[in-house]
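Written out below as structure tokens is the structure these notes cover.
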Amino acid sequence: MDQFVFLLVVGGRFLLPLLIPRFPLPAIIACLVLDGVDQTIFQLFGYDPPGYQSYDKAMDIFYLSVAYLAAMRNWDNLHAFAVARFLFYYRLAGAFLFEMTHERMVLLIFPNTFEYFFIAYEVVRLYWATATIRMRSWIMTAAAIWIFVKLPQEYWLHVAEMDVTDTLRDYPWTRWALVIGILAILGVLWFVVRPRLPAPDHPLTFRSDPMPASVDTATERAALRVAGGWVWSWMTLEKVVLVGLVSIIYGQILPGVDRTPVQLFVGIGTVVLVNAAITLAFSRRSWSPEGAAASFGLRLLINVVLVVLVKFVLDISLIGGATLFFLCMISLLTTLHDRYQPAYAWRRKVLLDARPTAEPAA
């Protein structure tokens, strides 16, 4: 029974993030809630997963990676995206260092500010347009979350090693403190913040906006890839770093992984580069599937075939559960990146084209 519960929770932590690109705020809050209660669920069934901290950080990084790619697809404010990109990779570096050192202080130095910054942006987007908000406002938002929310939370969880559920159970007065704190926050939001808010720009919406019309079909995205020659590019480098670091983090908790972090990173990076070359070749022939599920399935099939060929040609042991997991991870993250990065590239091009050019000197 405990194994079934564990698989059910892990399945939820893998499947819920896939809703973030289309329903950003509800989906990431659902991921946040499941992240907060999964250990309590395990305790209720008398199950204590080995290496819980490493498991928890790996699952966090997965849904944060999907949230980052969703921001690449959805966010029309490139200032906010620049801040989010820094916060995401800063946390990813911290999660990587934690897996290498297992020092809890690392998690305090590299707090997960990205998650709450993502939520803050999506809360604003519920009613208001975000495109015209300046960089200064986003930096101040990130700084406030970092200092007043995440640093205390990271200290509480990872340095003091206090659990919210255990604290509420062992110290009854904290329940009243929590209720009073929540009411105080709601009171400030209702009586202080709400009257000062501008009029809504659009009706309440939880669903993300469609992809920009210039890149909303596979043919248009393929044309953009062909024009940019996206193999040896910053886009491919980002995919190598993103997928490589995420894979190393999972490599520390998956059974049967006997490769060093460097070997794993090089191997994963090689697969990502091969995927980029194959994707570009398919784009030149307009063979790109339209749907995300079809794109993922085709890429996974290609990666499995590649691994099987390498196994037979080089006569090395590659096939196994861990290998299949990594192939699924690589296929999923690179598929999402390839689908969503053109939206960011198009918005950036529009922004650069809109900037006034300097007048030539007389």
Study note, to complete from the structure: The answer for the net charge of residues other than Leu280 whose Cβ lies under 12 angstrom from its Cβ, with Lys and Arg +1 and Asp and Glu -1, is +3
Check your understanding: Looking at the chain, do any whole DSSP H helices span at least 30 angstrom along their long axis by alpha carbon and average 0.5 or above on Kyte-Doolittle, and which?
Key -> 78-101, 261-284, 292-314
Check your understanding: Taking only DSSP H segments of four or more residues, each worth -39500 (n - 2.57), what value at 222 nm results for the chain once the sum is divided by all its residues, to the nearest 500 deg cm²/dmol?
Key -> -23000 deg cm²/dmol
Check your understanding: Label points 7 Å out from Cα along the Cβ direction at Thr205 and Thr219: separation in nm?
Key -> 2.6
Revision key, fill the gap. As straight-line cross-link partners of Lys57, the qualifying lysines (C-alpha separation under 23 Å, not fewer than 8 residues apart within one chain) are Lys150, Lys239
Revision key, fill the gap. If every Lys and Arg gets +1 and every Asp and Glu gets -1 at its Cβ, then about the Cα centre the chain yields a dipole, in debye to the nearest 20, of 1120
Revision key, fill the gap. Counting only DSSP loop positions in segment 125-222, the GluC sites (Glu not before Pro) whose Cβ has at most 13 other Cβ atoms within 10 Å are Glu161
Revision key, fill the gap. Cross-link reach from Lys311 to aspartates and glutamates, straight Cα distance under 18 Å and at least 8 residues apart if same chain, gives Asp258
Check your understanding: Over the chain, one equal point on each Cα, no solvent: what is log10 I(q)/I(0) by the Debye formula at q = 0.08, 0.11, 0.13, 0.14 Å⁻¹?
Key -> -0.45, -0.85, -1.16, -1.32
Point to revise | For segment 212-353, size of Cβ-based charge dipole, Lys and Arg +1, Asp and Glu -1, in debye | key: 200
Exercise for review: Treating only the Cβ atoms of Lys and Arg (+1) and Asp and Glu (-1) as charged, compute the dipole magnitude of segment 22-166 about its Cα centre; round to the nearest 20 debye.
Suggested key: 860
Revision key, fill the gap. Of the convex hull enclosing the alpha-carbon atoms of segment 212-353, the direction-averaged projected area in nm² is 9.0
Check your understanding: Among Thr279, Ala131, Ser54, which residue has its Cα positioned farthest towards the positive end of the charge dipole of the chain, with +1 placed on the Cβ of Lys and Arg, -1 on the Cβ of Asp and Glu, and the dipole taken about the Cα centre?
Key -> Ala131
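Readers should treat all values here as calculations from the given coordinates under stated rules, not as data from a laboratory. This structure is a prediction, so every number in the text was calculated from the model and none was measured. Here Cβ is always computed from backbone atoms with ideal geometry, including for glycine, and neighbour counts include all displayed protein chains.
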